[in-house]
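First the structure, in the form of structure tokens, and then the observations on it.
The values are calculated or read from the model by the stated rules, or taken from the named source; none is laboratory data. Please read all numbers here as calculations on a predicted model, not as lab measurements. Note: ideal-geometry Cβ built from the backbone for every residue, glycine included; neighbour counts use all protein chains shown.
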């Protein structure tokens, strides 16, 4: 069961007179409103004798509004009539459509011999181990070294605007330990990961 309902209000109407009271020759002069406007059931019958019916007796006629509320023939000269535009709204419209339907099953039984193929095997999940942690690049640059007879060698390292004078066995900022110096390289250990790194040495002074 289904249905569609449509409702529409009436269009606005303007009551015009039967004369050119304004003298402009347009033929669209409005009537004078002389009484309250009464709206009737369009299916009912009414009898009127008034100016807006042409001056003749209208007997048992379907009227939508009371024509005696308007003066259509006695509008004062050089006026357009005092009835406003769109003062009467025409009859509305309503419609309801209903439909009924019934689903009837098939008279003949159908059967399919199709067998669906098996589902593909699940894709194996390959777990990739994260790369091992690595130490950051060494932040130091060797400015040079100095060795006095009988003393251990002092190495001068720079990091930014800081200068460090270190010996083998020292620790820098509790982060790097100076392990050894051999083959033109200074061996340092990055303590957080215990990874050893090599820093090229400059020319000894």
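Going by the structure shown, is residue 104 modelled with pLDDT under 75, touching a helix residue (DSSP H, G or I) at 6+ places or on another chain (Cβ under 9 Å) and either within 30 Å of residue 6 (Cβ to Cβ) or not in a strand (DSSP E or B) (or both)? Against the criterion (modelled with pLDDT under 75, touching a helix residue (DSSP H, G or I) at 6+ places or on another chain (Cβ under 9 Å) and either within 30 Å of residue 6 (Cβ to Cβ) or not in a strand (DSSP E or B) (or both)), residue 104 does not qualify. Inside the stretch 15-31, residues that are outside any loop (DSSP other than H, G, I, E, B) and surrounded by fewer than 22 Cβ atoms within 10 Å (Cβ to Cβ) make up a count of 1. Residues of the stretch 32-55 that are assigned to a strand (DSSP E or B), surrounded by 14 or more Cβ atoms within 10 Å (Cβ to Cβ) and at pLDDT below 75: 46, 48. Restricting the first member to the stretch 124-138 and to residues that are outside the structural domain of residue 196 (by TED's automatic domain parsing), and the second to residues that are part of a loop (DSSP other than H, G, I, E, B), the beta-carbon pairs closer than 7 Å and six or more apart or on different chains are 133/193; 135/193. Candidates in the stretch 155-167 are the residues that are surrounded by fewer than 16 Cβ atoms within 10 Å (Cβ to Cβ) and touching a strand residue (DSSP E or B) at 6+ places or on another chain (Cβ under 8 Å); of these, the one that is farthest from residue 189 (Cα to Cα) is 163. Cβ-Cβ contacts under 7 Å between residues 6 or more apart (or on different chains), taken from a first residue in the stretch 19-41 that is free of Cβ contacts under 8 Å to residues at least 24 places away in the same chain to a second residue that is surrounded by 15 or more Cβ atoms within 10 Å (Cβ to Cβ), are listed as 20/29; 28/16.
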